[in-house]
1. Just to confirm the number: angle between the C-alpha axis of helix B:332-344 and the first principal axis of chain B, 0 to 90 degrees, nearest 10?
2. Calculate one ³J(HN,Hα) per residue across segment B:68-81 by plugging θ = phi - 60° into the Karplus curve 6.51 cos²θ - 1.76 cosθ + 1.60, and present them in order as whole Hz with x for glycine and proline.
3. GNM, chain B, Cα, under 10 Å: largest mean-square fluctuation among B:R80, B:R52, B:R193?
4. From zero outward in steps of 5 Å, how is the percent of C-alpha pairs of segment A:10-64 spread across the bins?
5. Projected onto the charge dipole of the protein assembly as shown (+1 at Lys/Arg Cβ, -1 at Asp/Glu Cβ, origin at the Cα centre), which of B:V107, B:V310, A:A111 gives the Cα projection farthest towards the positive end?
6. Quick one: net charge of A:A190's neighbours, Cβ under 13 Å, K/R +1, D/E -1?
7. Report the charge-dipole magnitude of chain A in Debye, nearest 20, computed about the Cα centre from +1 at each Lys and Arg Cβ and -1 at each Asp and Glu Cβ.
8. For label points placed 7 Å from Cα toward Cβ, what is the shortest-first list of nm distances from B:A104 to its copies?
Number of protein chains: 2
Amino acid sequence: MPRSVGSPGRRDTLALLARTLREHGPASRARLAVLTGLPKATVSTLVVELARRGLVRVAGRVELLPRTAFGIGVEVRLTRVVATAVDLDGGTRLSRQAVCEPAALRVEEVADRIGWVIAELSADVRAAGGWVCGITVVAPGLIDTEHGVVRLAPRLRWREVALLDTVAARTGLPLELLALGNDANLAALAEHRADPVPDLLCLVGDHGVGAGVVADGVLVRGASGYAGEVGHMALEPLGPYCACGRRGCWEACVGFDALLHAVAAPGDPLLDPALDAAESLAVVRARASAGDWRALDGLHRIGAALGTGVAILATLLNPTAVVLGGYFAALAEWLVEPVRAEVAAGPVAAAAVPSVRASALGASAAGAGGALLALERAFDDPARSGPDHHDHEEAPA
Amino acid sequence: MPRSVGSPGRRDTLALLARTLREHGPASRARLAVLTGLPKATVSTLVVELARRGLVRVAGRVELLPRTAFGIGVEVRLTRVVATAVDLDGGTRLSRQAVCEPAALRVEEVADRIGWVIAELSADVRAAGGWVCGITVVAPGLIDTEHGVVRLAPRLRWREVALLDTVAARTGLPLELLALGNDANLAALAEHRADPVPDLLCLVGDHGVGAGVVADGVLVRGASGYAGEVGHMALEPLGPYCACGRRGCWEACVGFDALLHAVAAPGDPLLDPALDAAESLAVVRARASAGDWRALDGLHRIGAALGTGVAILATLLNPTAVVLGGYFAALAEWLVEPVRAEVAAGPVAAAAVPSVRASALGASAAGAGGALLALERAFDDPARSGPDHHDHEEAPA
């Protein structure tokens, strides 16, 4: 298929070699030459460079070293900041978190907490013998990945927040080490790594609904990084009012609040605002498991409304797999079947029904996706990813 | 961004070099080495191979030769079969057509007509000094690109038609020379070549509505090649009945029949089934140009309904540009503005409003896209694209 090919240079041949090693495992230089199409002499030169950076070991065959370059993903959630580190061969995963309520803090205070978990996790990475080659800050909402700005994240009460600049200013971390990403997009990236089907649609249920799309192995980001903002698709002209002021937005039909209202009786303690999301979820699960008809009926209606939207997206994108994450995954026993039914009844139907399943990655998907994206820097530019490139010791703790 | 990288080999380095020449124009071997990241000696070897195939000329600098390899796209429309040939540097375009009504013919008879226009056009290509390196048959509907089967094309009255096998059997053309593609997807490809923004959404209005999506420079095909089948997105639960049996499908709201009904008074001669589409379109244009309020009101409602769907797709995909093709382009003066208004009022709104414009390629977009896809074979595998590889003289006329 046509592709606008940029102008590759030495960076790209290094990246090509590094990726080939990740995908094919240890291989001889001769085999690497066949796999990459590069001349054997070029492969040898590149291998020397990767070895000098400490990324590969050469013992007959060339192999990626584990616990060398790590990527970090730091997710800003409503009730905590969670950092996840993943190493080059994906075999090691480390994690740290700071419990806090970002919506109640100033952005600088959130940036400080981001800095703390990064500093702690960077120390863990060094203790494991590795170094950090990149950091992705992960947030919900409309994320301008190019400028590192959270354009709009209603639940965090953020609008036009220059998050990356703030993090860089408060932590002293160099901006070129940092990237910003949307939670659902990065969850899709992690799901794709866990189950690399070519075409994957990931839907993350939270207070809103986010989507991440992988098409032919590549994350669809959109012109401004806003792809996957499906929460306000107008699905029901006469549906419930949405926080955005419109009616019948998808997330007004299937967001977490819609779930609680679908499942609860009037005056139900489940609607007590003092209950946190994890507690509410546990109550819903308990009721559904006990066969409570109102809970089962509510879950079925949520599943059907979720399926209506999934059918539209599946018709447009023709994915191999649809993965349900966030609270959808936590209630998968009751939601997956109605979604499957709606998708199977959809227009493309018999021709190309995608599989529908719950995420196996749980709440860490977006953070892990952020770490993977950060790691891509090591692949895209292995020359920049050596242990001496950034001195993380100097990140303020 | 992460990408599942296949294992490139010699083919890919040849393709890389050919693409680089197309994108950057004539260049020295030294410059090509810089642009591709390949060693200079490798570039020299590859240039010799491309020259041997007659694809490049070396005169100090290396340059792609015009009128060498051509791709052909053959589009099966309701009232004709149209073939378009495009050469490697895009500077030459040739065309042939056979007027017929495929829905009234047996598939074998359609395949014969496809063979005729290919034979005529191949002769034109040879007369221009070139050769044909690939042929894409283009059809509307649900197209299984992998197996060369039209799964469902209601207007052609086709279901499970093994079109490529039939064309190969009737024409003697080798199957490996042939590919099958969906009209809207290939129109998107041609639009993208004409205006290479990274993220493009193309909507083609006909009796149905088809979409083609280019994300980050790559056509989104979906797992089975069905991506872009947006005609049956359920937009209005209480909307008009669709030919598919559901209500409120997008194409029931904005397909060509919906346009005619929106514009016409009861008993209006515009609704006479004897009128062909071009004549009806001319009448609609004439009335709207004359200020006929019913025509203007109908067009505005169609534009708004088109915009509602575009806003959903734009929210998911965050394209740079939305291009309206097919009958939407023919009525652009009256449709583009209401679409813009709906998109601007959509959820992503201020953050990332794509441009909305009519296609400048007209009805030939899908055929040209098919030719470009066929040409990609020359880029993907220049070794296969020499003039001696297939003997098109033997294609039956």
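1. The two axes meet at around 90 degrees.
2. Whole-Hz 3J(HN,Hα) from phi for segment B:68-81: 10, 6, 10, x, 10, x, 10, 9, 8, 10, 5, 10, 5, 10.
3. B:R52
4. With 5 Å bins starting at 0, P(r) equals 4, 23, 39, 28, 5.
5. A:A111
6. On the way: positive: A:R93, A:R193; negative: A:E75, A:D183, A:E191, A:D195, A:E376.
Summing Lys/Arg as +1 and Asp/Glu as -1 gives -3.
7. 1060
8. Copy-to-copy label distances at B:A104, shortest first: 7.6 nm.
Here, each number is a calculation from the coordinates, and none is a lab measurement. All of these numbers come straight from a predicted model, not from anything done at the bench. Virtual Cβ from ideal backbone geometry, glycine too; neighbours counted across all protein chains shown.
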